[in-house]
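Below: the structure, in structure tokens.
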Amino acid sequence: MAMASSSNKKKPKKNQTPESQFNYNLNFYSKSKDLHSAISLYDTAISQDTRLNQHGFNTLLYLCSVSLNDPSTEELALRCGLRIFDHMVSNGIKPNEASITAVARLAAAKGDGDYAFDLVKNVGAYNELPRLRTYDPALFCFCEKLEAHKAYEVEEHMGSMGVGLEEGEIAALLKVSVESRNEKRVYGYLQKLRKMLRCVRGETAKVIEHWFAVFEGSGVELDVDLVREAVSRNGGGWHGLGWIGKGKWVLKRGSVDVGGKCCCCGEQLVSVDIDDDETERFAESVAGLAMEREVNANFSEFQNWLEEHANYEAIVDGANIGLYQQNFAEGGFSISQLDAVVKDLYNQSGKKWPLIIMHNKRLRALLQNPSTRELIQEWIEKDVLYTTPQGSNDDWYWLYAAVKLRCLLVTNDEMRDHIFELLGSDFFIKWKERHQVRYTFVKGKLELQMPPLFSVVIQESENGSWHVPVAGNGNDSPQSWLCVSRPRACDALEEDSCMEGSKDSNDICCNSKLLSFGRPESLTSCKNKLQSQASFQESDNKITALTCKRKERSPSPSYLHVPCDQRHQ
């Protein structure tokens, strides 16, 4: 049997069996990516009837698959890899997912996507579950050969097995759909990219650019009200109703300013929320978990109360604000901090009080303190408090209220505790970015950090244009945007102004940085700005996109959930 020789290689132990000696040498060749020596070792082992185990076969198959990238070993890897797999199966050695993946890569490298896909479809025969990497060889092979229908079949099989697509796979499917002029598929994959990514890679952006450069099909003339309703239902930033408008597309690369205005076409990007269905499921999930951990009657009472008092535009986490930076000897619950937040929200919202969620035990202590009793009683009179009962976790209450009412949530809680982990992270993170208001106190001065004015995601506007954020080449590279729009008479911006704007990195809202609104600017004006910036005017029809709240509220409630014996203390 051929032996590995190297000054850096440890000597094998004495009295090794042929099998252990083979594995020892093979591992060495695998680490050094020495395919030629590994194949020589394998041929010697076969000639000596040395029995190989699953690990040995998998190591050989892996080494063959990674050697495909080296021109000097590609031919050897292709010639020997499939032969080694056939030997493995004929010897009764069960392949696992790693085996199948390696062989699928070899088959795809030979242009045999069908064999690669058959391997995946039959992986269940070995009691194995395929992964994304298992599907990739067949999928990319079909896409590269422009066999679109076969690529779609792979995607369908992935979905049936619960394997999700990532950007690379969607980009490949998008490209083959572009090449085959499949408008419906292209539209669908753009929506998939919008849903799962904050920004696309440069390679993906080029595929998107190519589509709009060659696509001249006319979109459907959709009813304005229908589009607006779809955008509202979907949380803003997209409608999903298909291509809109006529004429060739205008493609530009540029920037978006800190307010969300595109420098190329002048259109205002919007802040994207989770859609109505996701919101309802989210609220039901929070309520379900709360009911499991709270006294049912208590949380049910809160749900019923909230149904009757659904006009709040902000929920305040009282404990989080009152205990902020109070971890010092004389520290305690700071009612002045909470009061500052409440009054700031009131002044900035057009004289609408927020809802403060506070534990009943905390309220009792504040009422017993002469220095805080007057302020608490003022809040009681203005109906802005809901106290959670003894033994409850107020986190469930303020989170449910903010989700159910689709309003802002003022808290610095990062919501990473186990109770929030139960909710999952797919749309929870998206919801937090859209609804959470953080705060700071610098030398006693309050600063509210409002949600971003617009979302850094692919946006499909009501007039049919698209805006695609493109990642920079490095951590310090500025983010650019691909602007795709139909030519309109109102377009008056010049190309040079777009390029000039793209050079100013200060005009780019990278990484969804939270914008802090200064003191003179009210919450109402901020919301009005969002509303005006998230609107466009085409002919005489003005379509207003979403602001902080997607539904109008009824007048302020006049009910306070405080025990009767505490109302007049």
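The values are calculated or read from the model by the stated rules, or taken from the named source; none is laboratory data. The shown structure was predicted, so the numbers you read here are calculated from the model rather than taken from an experiment. No Cβ is skipped: glycine too gets one built from the backbone with ideal geometry, and neighbour counts run over all protein chains shown. Note: areas computed on protein heavy atoms with side chains; ligands, DNA, RNA excluded. Shrake-Rupley method; radii C 1.70, N 1.55, O 1.52, S 1.80 Å.
Could you check the simple spin-label distance between residue 351 and residue 160, using points 7 Å along Cα→Cβ, in nm with one decimal?
6.4 nm
Might you work out the accessible area of residue 50 for me, using a 1.4 Å probe with all protein chains in place, and round it to the nearest 10 Å²?
Rounded to the nearest 10, the figure is 10 Å².
Where only protein heavy atoms count, and the probe is 1.4 Å, what is the accessible area per residue for region 78-224 in Å²? Write out the running numbers ahead of the final one.
On the way: 6860 Å² over 147 residues.
The answer is 47 Å² per residue.
Run the numbers for residue 132 and residue 17: contour at 0.36 nm per residue of separation, minus the present Cα-Cα distance, in nm.
37.6 nm is the gain from fully extending residue 132 to residue 17.
From Cα pairs below 8 angstrom and at least 6 apart in sequence, can you work out the relative contact order of region 18-216, rounded to a whole percent? Numbers along the way, then the final one.
Details: 211 pairs, mean separation 24.7, N = 199.
Once divided by the residue count of region 18-216, the mean separation gives 12 percent.
Can you give me the solvent accessible area of residue 328 with a 1.4 Å probe, rounded to the nearest 10 Å²?
100 Å²
Which entries of 33/430; 343/432; 150/261; 33/121 show an alpha-carbon separation above 32 angstrom in the structure shown? Walk me through the numbers on the way to the answer.
Numbers: 33/430 43 Å; 343/432 23 Å; 150/261 41 Å; 33/121 30 Å.
With Cα atoms farther than 32 Å apart: 33/430; 150/261.
For residue 421 and residue 226, calculate 0.36 nm times their separation in residues minus their Cα-Cα distance, and state this gained length in nm to one decimal.
Numbers: separation 195, 0.36 × 195 = 70.20 nm, distance 3.66 nm.
Value of the extension gain: 66.5 nm.
Where both residues lie in region 276-449, what percent of DSSP beta bridges are antiparallel, nearest 5? Working shown, then result.
Details: 5 of 17 bridges.
Approximately 30 percent, going by the DSSP bridge assignments.
Sorted by accessible area (1.4 Å probe), largest first, how do 486, 181, 228 line up?
Putting 486, 181, 228 in descending order of accessible area: 181, 228, 486.
Sort 29, 346 by accessible area with a 1.4 Å probe, largest first. Intermediate results must be reported in sequence, preceding the final value.
Numbers: 29 15, 346 50 Å².
Sorted descending by solvent-accessible area, the residues read 346, 29.
How far apart, in nm, are the 7 Å Cα→Cβ label points at residue 327 and residue 125?
For residue 327 paired with residue 125, the spin-label model returns 6.0 nm.
Name the aspartates and glutamates eligible as straight-distance cross-link partners of residue 382: C-alpha to C-alpha under 18 Å, and not fewer than 8 places from it in the same chain.
Cross-link targets: 308, 313, 317, 339, 344, 374, 565.
Express the carbon and sulfur contribution to the solvent-accessible surface of region 276-449 as a percent, rounded to the nearest whole number, probe 1.4 angstrom. Don't skip to the answer; put the middle values down first.
Numbers: 3450 of 7620 Å².
Carbon and sulfur: 45 percent of the exposed surface of region 276-449.
Based on the Cβ-Cβ distance of residue 258 and residue 446, what FRET efficiency does E = 1/(1 + (r/R0)^6) give at R0 = 25 Å, to the nearest 0.05?
The value I calculate is 0.70.
Given Cα pairs under 8 Å that are at least 6 residues apart, what percent is the relative contact order of region 276-449?
Averaging sequence separation for qualifying contacts and normalising by length gives 27 percent for region 276-449.
Would you mind working out the magnitude of the charge dipole of region 18-216 relative to its Cα centre, with +1 at each Lys and Arg C-beta and -1 at each Asp and Glu C-beta, to the nearest 20 Debye?
Once rounded to the nearest 20, the dipole reads 480 debye.
Hey, can you grab everything whose amide H is under 5 Å from the amide H of residue 310? Only 5+ residues off in sequence or another chain; H modelled, so Pro and N-termini drop out.
none
Residue by residue through region 450-459, what is 3J(HN,Hα) from phi via Karplus (6.51 cos²θ - 1.76 cosθ + 1.60, θ = phi - 60°)? Round to whole Hz and write x for glycine and proline.
Values, residue by residue: 6, x, x, 5, 8, 9, 8, 9, 4, 10 Hz.
Lys/Arg Cβ at +1, Asp/Glu Cβ at -1, dipole of region 172-251 taken about the Cα centre: which of 200, 187, 244 is farthest positive-ward?
200
Dipole of region 276-449 (Lys/Arg Cβ +1, Asp/Glu Cβ -1, origin at the Cα centre): which of 369, 311, 283 lies farthest to the positive side?
The residue sitting most towards the positive pole is 369.
I need the calculated FRET efficiency for the pair residue 361 and residue 90, taking r as the beta carbon distance and R₀ as 60 Å, to the nearest 0.05. Walk me through the numbers before you get to the answer.
Numbers: r = 72 Å, r/R0 = 1.21.
With R0 = 60 Å, the Cβ-Cβ based efficiency is 0.25.
Sort 467, 55 by accessible area with a 1.4 Å probe, largest first.
55, 467
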